[in-house]
Amino acid sequence: MMTKFLIFRTDRIGDFITSQIVTNSIVEISKKNKVDIVASRYNSKYIKNFKYINNIFIFDKTQNKILDVLNLFLQIKNKNYDYLIVLDGKRRSFLSGIFINSKIKICFLKDFYPKILISFFYNKYIKNTETNTQHKNFHVLLNYLDIKSPKKLNYYKKYKFIKNKFKFRKPYLHLHLDEKWFKNYYFYDFDYMNLNPETIYKFLEALIKKFKCNIVVTQGFKKVKIMDEFKTRFFKNIKDPKTKIAQKTVKFIEQSSFRDLENIVLNSKILICCEGAISHVSHSLNKKTIALIQKDRLISTNFWIGHMNNIKTVFRNDIKIVTKDILKLNFI
């Protein structure tokens, strides 16, 4: 018998990747199960590439919240579900779920909501607490659904990778220098590495000495002035930035989509990044990863990456200290 699930996942791409332990397990346990997703317009463009997702409904976030809810309701009004799961923890998702037809309604939330609303409109409230890892909390949800997650899940089994438009010499290390590395581009209370074009170059030299392979450097969506200066100073051909360090090739990719980054991670030997969506990709692809984390946010960090077995962490700090800490790591 077919069981139909509607899952709210209107937040970030990395959150969807992490929560595939739920969505993927549902369809792996039975081919008759169908999973529909309520997504934001932005992350729907990514989620649609996972072919096991049955339908995607757009939940816009505009200045008129009433119209947003009405538009979602019009998309789903004639549908009936066996399970509705508010997985993104959003208040508007919680309230919208009240008006959708479903036999069982589950809210998976961090914040406290009025108990009377939960008890009246939802069958089950699961607290998404940081005292567990996010992964363990998802298993609490799966246990309630009476679904046993397979020991090994191929998160990209039914995923349509973008055509690879970059050609690199293998093996290569993938260094993702997004805005999280640079002061004034991310959280103000984070420790930053004091990066400049010279220290980035020295960092690359140290990585080549340790890992003895080529390096592909990528950056995030935000333009960072220091990265522009680094490119101008150390790469002769600005249109195709690459150079040689100790007989190894360093290739700089200035513009790449998130799906491009997935391909680069897929074919890499190791990834170095700040903890975030890209480290969830590397975990899903079973790639060795070094992730920079904030030392005074260990509980929050463990909540997101505590289940990852191929990741080693280094505290955010001055780049000289970060370099020493990375050089000490053993990946054998």
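The values are calculated or read from the model by the stated rules, or taken from the named source; none is laboratory data. Please read all numbers here as calculations on a predicted model, not as lab measurements. Here the Cβ is made from the backbone with ideal geometry for all residues, glycine too, and neighbour counts use every protein chain on show. Heads up: the accessible areas ignore ligands, DNA and RNA and are worked out on the full protein's heavy atoms, side chains in. Shrake-Rupley method; radii C 1.70, N 1.55, O 1.52, S 1.80 Å.
Worth a mention:
- Prolate/oblate/rounded call for the stretch 195-312, Cα gyration tensor, a/c under 1.5 rounded: prolate
- Taking 0.36 nm per residue of separation and subtracting the Cα-Cα distance, full extension of the segment from Lys209 to Lys236 would add 7.4 nm.
- Estimated translational D of the stretch 111-245 in µm²/s (Stokes, Kirkwood radius over Cα pairs; 25 °C; 0.890 mPa s): 123 µm²/s
- Relative contact order for the stretch 94-218, counting Cα pairs under 8 Å that sit 6 or more residues apart, in percent: 18 percent
- Protein accessible area in the chain, 1.4 Å probe - carbon and sulfur %: 53 percent
- Each 10 Å bin from zero holds the following percent of Cα-Cα pairs in the stretch 268-332: 21, 56, 23, 0.
- Helix 225-234 and the longest principal axis of the C-alpha atoms of the chain enclose an angle of approximately 40°.
- Estimated [θ] at 222 nm from DSSP helical runs (n ≥ 4, -39500 (n - 2.57)) normalised by residues in the chain, nearest 500: -10500 deg cm²/dmol
- Cβ-defined net charge surrounding Ile321, 15 Å radius [Lys, Arg +1; Asp, Glu -1]: +3
- In degrees, nearest ten, helix 197-211 long axis to first principal axis of the chain (Cα): 90 degrees
- Expressed to the nearest 5 percent, the antiparallel share of DSSP beta bridges inside the stretch 194-283 is 50 percent.
- Sequence of Asp146, Asp260, Asp318, Asp189 from largest to smallest accessible area, 1.4 Å probe: Asp146, Asp189, Asp318, Asp260
- Three-way shape call for the chain based on the alpha-carbon gyration tensor, with the a/c threshold at 1.5: prolate
- Full-stretch length increase - Val140, Lys328 - with 0.36 nm per residue and alpha-carbon distance subtracted: 64.0 nm
- FRET efficiency, Lys223 to Ile66 (Cβ-Cβ, R0 30 Å, nearest 0.05): 0.25
- Relative contact order computed over the chain (Cα-Cα under 8 Å; 6+ residues apart), in percent: 16 percent
- Surface exposure of the chain, expressed per residue as accessible area with a 1.4 Å probe, stands at 52 Å².
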